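Q: Okay, handing you the structure first.
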Amino acid sequence: MKKSQLISTLTYTAIASAQLSFAETTITIGTVNNGDMIRMQGLSAEFENRHPDIKLEWVVLEENVLRQKLTNDIATKGGQFDVMTIGMYEAPMWGKKGWLNELSDLPEAYDLIDIFPAIRDGLSNDGKLYGLPFYGESSVTYYRTDQFDQAGLEMPEQPTWTQVKEFAMKLHNPEKEQYGICLRGKAGWGENMALITTMSNAFGARWFNPEWKPEFDGGAWRETLSFYVDLLGKYGPPGASGNGFNENLALFNTGKCAMWVDASVAGSFVTDPTQSKVHENVGFALAPMEVTSNGAGWLWTWALAIPSSSDAVSAARTFVTWATSKEYVALVASTSGIKNVPPGTRASTYDEKYLTEAPFAEITLQAMGNADPINSTKNPKPYVGVQFVGIPEFQAIGTQVGKLFSGALAGTSNVDNALKAAQEYTSRQMNRAGYF
Amino acid sequence: MNQEYRYHLIRVSQFWIRTAMSWFVALLIFFPIAWMLLTSFKSEIEAFSTPPSIFFKPTLENYILVDERSDYFKFALNSVIVSFGSTLLGMLLAVLAAYSMAFFETKRTQATLLWMLSTKMLPPVGVLVPIYLLFRDFGLLDTRTGLVILYTLMNMPIMVWMVYTYFKEVPTEILEAARLDGAYAVKEIIYILLPICKGGLAATVLLSLILSWNEAFWSLNLTTAKAAPLTALIASYSSPEGLFWAKLSAVSTLACAPILVFGWISQKQLVRGLSFGAVK
C-alpha cells in the first residue's frame with residue numbers, strides 16, 4: 001500500500017513538473033492600428049502554433065493614445081506591456097534611459113545585417129540596438145499620371161519644390177474639385193512638421209545650429225514657410241490646415257489631388273483597387289528637393305521593443321525576432337500577397353518579384369537608401385533625425401511650432417509672426433532645458 | 001366666429017411649428033448616430049467618397065471583420081460589469097450620503113456638497129500619474145475592480161447631488177409619521193424614500209450607467225487586455241495611417257447599441273425622473 005502511494009506521488013509530481021515546464025507565458029503587445037500591424041495580429045495563430053508555450057495578447061490603440069499610454073507605463077515601470085510598438089524617435093531615448101532591454105546576440109538566422117543601416121542606426125543608442133524594425137517608411141511624391149499626360153507634363157525622378165509648384169499651378173482646377181497639390185496641414189510634430197521639416201531641409205534650413213540655437217529667424221526658414229503657405233494656400237484643397245495623412249489619402253484616392261507628398265507606406269493604399277478610385281493612374285517620384293537633396297525625404301520606422309519592466313523577456317524576445325524576421329516576410333507574402341509584405345526594413349524584401357509586383361517598391365527602396373538621419377541638412381546639425389529632432393523636448397516644441405505654422409496656413413497668423421513666435425518659444429524651451 | 005377661427009389657426013400653426021422644431025432638433029441630435037450607422041454598412045471606398053452616398057449597396061463585411069478581429073463579447077462583458085458594478089456601489093453610497101445630508105443637515109452640508117461637486121471640475125489628466133501609481137501599487141492596473149472603484153468615485157458627486165435633490169422634496173412629515181410608527185433609518189430609506197423617489201433614483205441610475213459606459217479616458221489609460229471595456233475596443237479601430245472609417249463606424253455602432261437600447265427602453269423613467277422631481 002505504501003509502495004503504491006509512493007508510486008502515485010512520484011507520478012503526480014512528474015506530471016506536475018511536466019505541466020510546469022510547458023506552463024504558458026502570456027505576453028501583452030501594445031501596437032498601433034496600421035494595416036501591417038493588423039496583419040501581424042491576424043497571423044499570431046501561426047506564432048502560437050509554433051510556440052505553444054507562448055500566448056499573445058494584443059492591445060491595439062490609436063497612435064497618440066498608445067504613445068501616451070506606453071510613456072506612462074514605461075516611465076512608472078507599470079509592467080503592463082511585454083512588447084511595445086515604438087518609433088525611431090523613442091527607441092534611442094528610452095534605451096539610453098534604461099527603459100528598454102538591449103537586443104543583442106540575435107540568432108544568426110535573423111540576419112541583422114540585412115536590415116537597412118539607417119533604420120538600424122535610428123533604433124540604436126551608443127551602438128546598442130533597442131528595437132527591431134517592423135516596417136519602415138520614407139516620404140515620396142505621388143502624382144496622377146493621367147492628368148500629367150493630358151497636360152503634357154513630365155515628372156522628373158526627383159522634382160524640385162519649384163517644379164512641383166509649377167505643376168500644381170497647371171493642374172489646379174478647383175471648379176472641378178481637382179487640386180494641384182495635397183500636403184499635410186494638421187498641426188503636430190508627426191503631422192505637418194514632418195513634411196515642413198523635410199521641406200526646410202531641402203531649402204537649406206535646419207532646426208538648430210551646432211550650439212543648439214534655433215534658426216527660425218534665418219532666411220532659409222522664411223523661404224520654406226512662405227513657399228509652403230503660398231503653395232498649399234493657392235493650389236491646395238480648401239481647409240488644408242486640418243488635413244493629415246488620412247485626410248489627404250482620402251482626397252488622393254477619390255481623385256481630388258494631382259500630387260501628394262507623403263509617407264511611402266501609402267503606396268499600397270493608392271494602388272489598391274478596393275480603396276482607390278485612381279489606382280491605375282498613380283505615378284511615383286522621390287520627395288522634392290530644392291537647394292539640396294539632403295533630408296528631402298523622411299525616415300521613420302515602427303519597431304518592436306521590450307521594456308525593462310517586462311517579466312516575460314525571453315518570450316517577448318522570441319516574438320519580436322519572429323515578427324521582424326525574413327520568415328515572417330515570407331509568411332505574409334504567402335498568405336496576403338507579396339504587395340502586402342512589411343516594407344522598408346530589409347534589403348532582402350526587395351527582390352525582383354517584389355520590385356515587379358509592387359509598383360511603389362523601387363521608389364521606396366531608393367528613398368530609404370537616400371535618407372540619412374545624421375546628415376539630413378545642408379549645413380551641420382547637432383541632432384539625429386530627418387523630420388524630427390531626437391531630443392526629449394522635441395515632442396512639445398514640434399507640436400507648438402506646428403500649431404504656429406498651421407495658423408499661418410489657415411490665415412489666423414502670417415509667416416513672419418509665426419516664425420518670430422516659433423523662434424521665441426523654441427529658444428525659451430531650449431534655454432530652460434539647459435541646452436545653452 | 002372670425003375671432004375664434006383666428007385663434008384656432010394660431011393654435012394649429014403653433015402646434016405644427018413646435019412639432020417641426022422638435023423634429024428638427026431631434027434629427028440634428030440623432031444625425032451623427034444615423035450617419036455612423038449608415039457608414040457601418042458601406043465599403044471603405046464608399047465611406048470616404050465625396051459627395052457622400054446616401055443610397056448604396058449595403059454590406060455586412062465590416063461587422064464580419066470586427067467579429068473576426070476582436071472578441072466583442074469580452075469587451076462588452078467588461079463594460080457591463082464595470083458600469084453596473086460602479087452604479088450599484090455608487091447608488092448604495094449616494095443614497096446613504098444623501099439621506100444624511102437631506103434629513104440631518106448641519107451647517108457644513110452645503111459646503112460639503114459644493115466641495116464634492118468641485119472635484120468634477122479638475123481635468124482628469126491632471127491626476128493621471130498619481131492615480132496610475134496608486135493603481136500600480138495596489139495591483140489594480142487592468143482589473144475590473146479598479147475601474148469599478150474609480151468610476152464609483154468619479155460619478156459619486158453627481159449621484160449624491162441628484163439623490164439629495166430628490167430626497168429634499170420629500171416632506172419631512174412623512175418621515176416623522178414613519179418614525180412615530182417605529183421606523184428607523186434603514187426602514188425609512190427602504191419603505192418610504194425609495195418608493196417615493198423611484199423615478200428620480202431610476203434617472204440617477206441611468207445617468208451613472210451612461211457616464212460609466214461612455215467613459216474613455218481612464219479605461220484607455222488603466223487597462224490593457226483583461227479589463228478593457230468597449231471604449232478601448234473603439235479606440236483600437238482608429239488608425240493614423242489608413243482609412244478604416246467603415247470599420248470604425250461598425251465597431252462604434254456595436255459599442256453604442258447596448259446602451260442606446262437600454263436608454264430607449266427606460267426613457268420614460270429617465271424623462272420623468274429628470275423633469276418631474278421626486279414627488280408628483
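The values are calculated or read from the model by the stated rules, or taken from the named source; none is laboratory data. In this text the structure is predicted, and so the values were computed from the model without any measurement. Cβ: placed from backbone, ideal geometry, glycine included. Neighbour counts: every protein chain shown.
Q: In region A:378-419, what count of residues is obtained for those that are in contact with a helix residue (DSSP H, G or I) (Cβ under 7 Å, 6 or more places away or on another chain) and in a loop (DSSP other than H, G, I, E, B)?
A: 8
Q: Given the condition touching a helix residue (DSSP H, G or I) at 6+ places or on another chain (Cβ under 8 Å), closer than 30 Å to A:Ala75 by Cα and among the aromatic types (Phe, Trp, Tyr), answer yes or no: does some residue in region B:238-260 qualify? Even if it seems obvious, please write down each step before you answer.
A: Let us first name the residues in region B:238-260 that are touching a helix residue (DSSP H, G or I) at 6+ places or on another chain (Cβ under 8 Å), namely B:238-256, B:258-260.
Adding the requirement that they be closer than 30 Å to A:Ala75 by Cα leaves B:238-242.
Okay, now just the ones that are also among the aromatic types (Phe, Trp, Tyr), so none.
No; the residues of region B:238-260 include none that is touching a helix residue (DSSP H, G or I) at 6+ places or on another chain (Cβ under 8 Å), closer than 30 Å to A:Ala75 by Cα and among the aromatic types (Phe, Trp, Tyr).
Q: Only helices (runs of 4 or more DSSP H) wholly contained in region B:164-250 count here; list those with 3 or more residues that are over 19 Å from the mean Cα position of the chain (by Cα), more than 30 Å from B:Thr143 (Cα to Cα) and more than 10 Å from chain A (Cβ to nearest Cβ). Give the derivation first.
A: On the way: elements: B:172-180, B:198-214, B:217-222, B:230-235.
Because the criterion is at least 3 residues that are over 19 Å from the mean Cα position of the chain (by Cα), more than 30 Å from B:Thr143 (Cα to Cα) and more than 10 Å from chain A (Cβ to nearest Cβ), the helices (runs of 4 or more DSSP H) in region B:164-250 that meet it are B:172-180.
Q: With respect to the numbered conditions (1) over 18 Å from B:Leu233 (Cβ atoms); (2) without any contact (Cβ under 8 Å) to a residue 24 or more places away in the chain, which one is the sole condition not fulfilled by B:Glu68?
A: B:Glu68 satisfies every listed condition except (1).
Q: Exactly one of these conditions fails for A:Thr412: (1) in the same structural domain as A:Gly218 (by TED's automatic domain parsing); (2) crowded, with 17+ Cβ neighbours inside 10 Å. Give me its number.
A: Every condition holds for A:Thr412 apart from (2).
Q: Here is a check on your reading of the model: is B:Thr152 modelled with pLDDT of 95 or more and assigned by TED's automatic domain parsing to the domain that holds B:Ala227? Please lay out each step first, then the result.
A: On the way: modelled with pLDDT of 95 or more: yes; assigned by TED's automatic domain parsing to the domain that holds B:Ala227: yes.
In short, yes.
Q: Within region A:332-365, how many residues are modelled with pLDDT of 90 or more and of a type in the set (Lys, Arg)?
A: Qualifying residue count for the region: 2.
Q: Looking at (1) under 21 Å from A:Arg206 (Cβ atoms); (2) modelled with pLDDT under 95; (3) surrounded by 21 or more Cβ atoms within 10 Å (Cβ to Cβ); (4) more than 19 Å from the chain's Cα centre (by Cα), which is the one condition that is false for A:Phe436?
A: The single condition A:Phe436 does not satisfy is (3).
Q: Right, something else. Sort out for me the helices (runs of 4 or more DSSP H) sitting completely within region A:237-342 that have 1 or more residues that are within 14 Å of chain B (Cβ to nearest Cβ). Explain how you work it out, then say what you get.
A: Numbers: elements: A:245-253, A:267-270, A:313-323, A:326-336.
Correct list: A:245-253, A:267-270.
Q: Could you check, for region B:20-31, whether at least one of its residues is in contact (Cβ under 8 Å) with a residue 40 or more places away in the chain and either assigned to a helix (DSSP H, G or I) or assigned by TED's automatic domain parsing to the domain that holds B:Ala228 (or both)? Give the steps one after another, and end with the answer.
A: Kept after step one, since they are in contact (Cβ under 8 Å) with a residue 40 or more places away in the chain, are these residues of region B:20-31: none.
There is no residue in region B:20-31 that is in contact (Cβ under 8 Å) with a residue 40 or more places away in the chain and either assigned to a helix (DSSP H, G or I) or assigned by TED's automatic domain parsing to the domain that holds B:Ala228 (or both).
Q: Looking at region A:343-352 only, could you name the residues that are surrounded by 13 or more Cβ atoms within 10 Å (Cβ to Cβ) and part of a helix (DSSP H, G or I)?
A: Hits for region A:343-352 are A:Ala347, A:Ser348, A:Thr349.
Q: Among A:Ser4, A:Ser44, which is more than 8 Å from chain B (Cβ to nearest Cβ), out of contact with any Ser or Thr (no Cβ under 7 Å at 6 or more places or on another chain) and at pLDDT 85 or above? Talk me through it step by step, then tell me what you get.
A: Working: A:Ser4 fails: at pLDDT 85 or above.
That would be A:Ser44, the only listed residue that is more than 8 Å from chain B (Cβ to nearest Cβ), out of contact with any Ser or Thr (no Cβ under 7 Å at 6 or more places or on another chain) and at pLDDT 85 or above.
Q: Moving to a separate point now. For A:Met169, all conditions in the list (1) of a type outside the set (D, E, K, R); (2) closer than 22 Å to A:Tyr89 by Cα; (3) over 26 Å from the mean Cα position of the chain (by Cα) hold save one; what is the number of the exception?
A: It fails just one condition, (2).
Q: Something else now. For region B:99-128, give me each residue that is surrounded by 16 or more Cβ atoms within 10 Å (Cβ to Cβ) and under 20 Å from the mean Cα position of the chain (by Cα).
A: Answer for region B:99-128, where residues must be surrounded by 16 or more Cβ atoms within 10 Å (Cβ to Cβ) and under 20 Å from the mean Cα position of the chain (by Cα): just B:Met116.
Q: For the subset of region B:28-45 comprising residues that are surrounded by 15 or more Cβ atoms within 10 Å (Cβ to Cβ) and at pLDDT 85 or above, which member is nearest to the other protein chains (Cβ to nearest Cβ)?
A: As a first pass, look at region B:28-45 and keep what is surrounded by 15 or more Cβ atoms within 10 Å (Cβ to Cβ): B:36-45.
Then drop every residue that is not at pLDDT 85 or above, which leaves B:36-43.
Numbers: B:Met36: 17, B:Leu37: 20, B:Leu38: 17, B:Thr39: 13, B:Ser40: 17, B:Phe41: 16, B:Lys42: 13, B:Ser43: 7 Å.
Going through the qualifying residues, I end up with B:Ser43.
Q: Collect the residues in region A:137-196 that are aromatic (Phe, Trp, Tyr) and out of contact with any strand residue (DSSP E or B) (no Cβ under 9 Å at 6 or more places or on another chain), keeping them in residue-number order.
A: To start, the set of residues in region A:137-196 that are aromatic (Phe, Trp, Tyr) comprises A:142-143, A:148, A:161, A:167, A:179, A:189.
If the condition is that a residue be aromatic (Phe, Trp, Tyr) and out of contact with any strand residue (DSSP E or B) (no Cβ under 9 Å at 6 or more places or on another chain), then A:Trp189 is the only one that fits.
Q: Next question, about the same structure. Show me the helices (runs of 4 or more DSSP H) entirely contained within region B:60-161 in which 2 or more residues are touching a Pro at 6+ places or on another chain (Cβ under 7 Å) and either within 14 Å of chain A (Cβ to nearest Cβ) or within 30 Å of B:Ser252 (Cβ to Cβ) (or both).
A: In region B:60-161, the matching helices (runs of 4 or more DSSP H) lie at B:72-103.
Q: Got at least one residue in region A:151-158 being touching a helix residue (DSSP H, G or I) at 6+ places or on another chain (Cβ under 9 Å), within 16 Å of A:Val278 (Cβ to Cβ) and free of Cβ contacts under 8 Å to residues at least 24 places away in the same chain?
A: Yes: region A:151-158 contains one or more residues that are touching a helix residue (DSSP H, G or I) at 6+ places or on another chain (Cβ under 9 Å), within 16 Å of A:Val278 (Cβ to Cβ) and free of Cβ contacts under 8 Å to residues at least 24 places away in the same chain.
Q: Within region B:43-53, identify whether any single residue is in a helix (DSSP H, G or I), out of contact with any Phe, Trp or Tyr (no Cβ under 8 Å at 6 or more places or on another chain), of a type outside the set (S, T, N, Q) and touching a residue at least 60 places away in the same chain (Cβ under 8 Å), and answer yes or no.
A: The answer is no, given that none of the residues of region B:43-53 is in a helix (DSSP H, G or I), out of contact with any Phe, Trp or Tyr (no Cβ under 8 Å at 6 or more places or on another chain), of a type outside the set (S, T, N, Q) and touching a residue at least 60 places away in the same chain (Cβ under 8 Å).
Q: In region A:53-110, what count of residues is obtained for those that are assigned to a loop (DSSP other than H, G, I, E, B), surrounded by 16 or more Cβ atoms within 10 Å (Cβ to Cβ) and touching a Ser or Thr at 6+ places or on another chain (Cβ under 8 Å)?
A: So the answer is 10.
Q: Suppose the filter is outside the structural domain of A:Met199 (by TED's automatic domain parsing) and either in contact with a Pro (Cβ under 6 Å, 6 or more places away or on another chain) or closer than 25 Å to A:Trp99 by Cβ (or both); does A:Thr321 pass it?
A: Judged against the criteria, A:Thr321 is a match.
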